[in-house]
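Some notes on the structure that comes next.
The values are calculated or read from the model by the stated rules, or taken from the named source; none is laboratory data. Every value quoted in this text rests on a predicted model; they were computed, and no experiment measured them. Cβ coordinates were reconstructed from backbone atoms using ideal geometry, including for glycine residues, and neighbour counts include every protein chain displayed.
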Amino acid sequence: MKRKLRFGMIGGGRGAFIGAVHRIAALMDGKAELVAGSFSSVAARSYASGADLFLPSDRVYGSYREMVEAEAIQPANRRLDFVVIVTPNHEHFTPAKLFLESGFNVICDKPVTFNLAEARRLRTIVRRSGKVFVLTHNYTGTAMVKQARALVRSGKLGKIRKVVVEYPQGWLATKLESSGQKQAAWRTDPKRSGAAGSMGDIGTHAENLARYITDLRIKELCADLTAFVPGRQLDDDGNILLRFHGGAKGVLMASQICIGDESAFNIRVYGDKASLEWHQEYPGDLIVKYPDRPREIWRHGNAYLDPKAASFTRIPPGHPEGYLEAFGNIYSEAFRAITAEIEGKEQPQDLDIPTIDDGIDGMIFIETVVKSSKRGARWVRFPRG
């Protein structure tokens with residue numbers, strides 16, 4: 001490409017959190033520029049948000065429906081190359097459908113849709129459109145997560161026996177949604193969030209990370225979901241036992257009532273030769289443990305890393321690298337895919353990026369967890385996508 005990619009954003013305006021993160025990630029490598037958007041379901045807020053971002057008024061819209069109609073007829077030198085969807089869950093499917101069917105590539109925040117039925121419909125639309133669809137499971141963009149994946153694939157850990165993945169937060173330990181706090185309000189509302197609360201919001205990250213690092217697929221699970229805060233309609237805490245295909249066992253915990261924890265996402269993978277652990281709050285470190293010698297701390301940016309992990313490292317050793325850089329890596333891979341689509345080329349064979357299929361797995365996870373919990377924490381088989 002001899003120009004920057006042009007993109008628009010749906011959601012992510014004033015009062016939003018994740019929209020700004022996406023904009024930073026998309027702009028990180030200087031390969032894209034934000035040129036249009038519908039930044040809120042409230043038209044006035046969308047216009048104000050567009051002004052905050054210094055966008056021309058004729059490219060800021062009061063709704064995503066207005067946006068797709070106007071952007072679909074832009075001349076080639078102004079046409080969007082992709083759109084980014086950063087709305088609450090219930091507003092993922094329809095804009096994704098409209099933009100894909102109008103010939104635009106799509107990057108969407110997770111979970112992919114409001115429910116599994118929508119996700120399966122969206123997969124059909126993605127395949128029929130021939131366009132790129134990327135899901136931002138951002139933690140898989142972390143260099144040392146890729147190193148963990150490489151170690152498992154190399155056989156260094158041996159046969160995987162156990163996986164423990166935890167995502168404790170404490171920000172919803174009180175009924176914050178009653179204060180009008182926007183992020184709490186939609187995440188605890190079943191009409192906007194979907195069938196799950198904490199399990200949909202952060203539990204899907206935990207399931208995705210475990211699958212990404214180990215390549216293990218869940219065979220069946222037993223889930224216990226709780227809404228500890230009185231009056232809350234969706235779970236704020238969940239504990240799950242996992243059985244994987246191949247015989248490995250696992251434990252997954254996702255909770256937003258763990259007072260004192262900020263974003264203590266971590267995973268431990270135990271094989272019959274060695275084990276590893278990674279902590280999101282210290283993303284540049286990967287701990288590798290053995291039965292007969294001291295544990296090792298592998299650090300990002302060093303020459304001993306796997307080439308894949310090294311290629312996703314942005315900052316020299318000794319400098320902090322984490323959340324934003326991982327998001328930037330997801331966008332960097334998305335840009336490779338989108339550029340190939342625009343130029344009519346085959347997709348790169350080495351793309352390492354979450355897709356609609358990862359979104360399907362995430363929605364199956366949510367629905368299976370909810371089903372198990374509603375049945376009194378019974379074991380439920382995990383269906384294929």
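Considering only residues that are part of a strand (DSSP E or B), in contact (Cβ under 8 Å) with a residue 60 or more places away in the chain and touching an Asp or Glu at 6+ places or on another chain (Cβ under 9 Å), which ones fall in region 8-57? Result: Gly8, Ile10, Gly11, Ala32. Residues that are assigned to a strand (DSSP E or B) and under 20 Å from the mean Cα position of the chain (by Cα) within region 164-222 comprise Val164, Val165, Glu166, Tyr167, Pro168, Ile218, listed in sequence order.
For region 312-336, name all the residues that are assigned to a loop (DSSP other than H, G, I, E, B) and closer than 19 Å to Trp278 by Cα. Answer for region 312-336, where residues must be assigned to a loop (DSSP other than H, G, I, E, B) and closer than 19 Å to Trp278 by Cα: Phe312, Thr313, Arg314, Ile315, Pro317, Gly318, His319, Pro320, Glu321, Gly322. From the set of residues in region 260-275 that are under 12 Å from Leu151 (Cα atoms) and part of a loop (DSSP other than H, G, I, E, B), which is nearest to the chain's Cα centre (by Cα)? My answer is Ala274. The requirement of being within 16 Å of Gly385 (Cα to Cα), of a type in the set (S, T, N, Q), modelled with pLDDT of 95 or more and surrounded by 24 or more Cβ atoms within 10 Å (Cβ to Cβ) is not satisfied by Thr142. Those strands (runs of 3 or more DSSP E) of region 64-163 in which 2 or more residues are under 23 Å from Ala185 (Cα atoms) and not basic (Lys, Arg) occupy 82-86. Of the listed requirements (1) of a type outside the set (Phe, Trp, Tyr); (2) in contact with a helix residue (DSSP H, G or I) (Cβ under 7 Å, 6 or more places away or on another chain); (3) under 21 Å from Glu207 (Cα atoms), Arg384 misses just one: (2).
Does Ala119 meet the test of being in the same structural domain as Glu33 (by TED's automatic domain parsing), in contact (Cβ under 8 Å) with a residue 12 or more places away in the chain and farther than 27 Å from Met199 by Cβ? It would help to see each step written out before you state the result.
Numbers: in the same structural domain as Glu33 (by TED's automatic domain parsing): yes; in contact (Cβ under 8 Å) with a residue 12 or more places away in the chain: yes; farther than 27 Å from Met199 by Cβ: no.
It is false that Ala119 is in the same structural domain as Glu33 (by TED's automatic domain parsing), in contact (Cβ under 8 Å) with a residue 12 or more places away in the chain and farther than 27 Å from Met199 by Cβ.
The conditions of being at positive phi and out of contact with any Cys (no Cβ under 6 Å at 6 or more places or on another chain) are met by Gly130. Against the conditions (1) in contact (Cβ under 8 Å) with a residue 60 or more places away in the chain; (2) closer than 17 Å to Asp361 by Cβ, Leu216 satisfies every one except (1).
Yes/no per residue for (1) surrounded by 19 or more Cβ atoms within 10 Å (Cβ to Cβ); (2) within 24 Å of Arg295 (Cβ to Cβ):
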residue	(1), (2)
Asp189	no, no
Met199	yes, no
Ile213	yes, yes
Gly246	no, no
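Taking the condition part of a strand (DSSP E or B), touching a residue at least 12 places away in the same chain (Cβ under 8 Å) and either surrounded by 13 or more Cβ atoms within 10 Å (Cβ to Cβ) or among the basic types (Lys, Arg) (or both), does Val370 pass? Spelling it out, it is not the case that Val370 is part of a strand (DSSP E or B), touching a residue at least 12 places away in the same chain (Cβ under 8 Å) and either surrounded by 13 or more Cβ atoms within 10 Å (Cβ to Cβ) or among the basic types (Lys, Arg) (or both).
Among the candidates Ala119, Ala26, Ala20, single out the residue that is crowded, with 23+ Cβ neighbours inside 10 Å, out of contact with any Phe, Trp or Tyr (no Cβ under 7 Å at 6 or more places or on another chain) and at pLDDT 95 or above. Full working, then the answer.
Details: Ala26 fails: out of contact with any Phe, Trp or Tyr (no Cβ under 7 Å at 6 or more places or on another chain); Ala20 fails: crowded, with 23+ Cβ neighbours inside 10 Å.
After ruling out the rest, the residue left standing is Ala119.
Taking the numbered list (1) surrounded by fewer than 18 Cβ atoms within 10 Å (Cβ to Cβ); (2) outside any helix (DSSP H, G or I); (3) not acidic (Asp, Glu) in turn, Thr339 passes all entries but (2).
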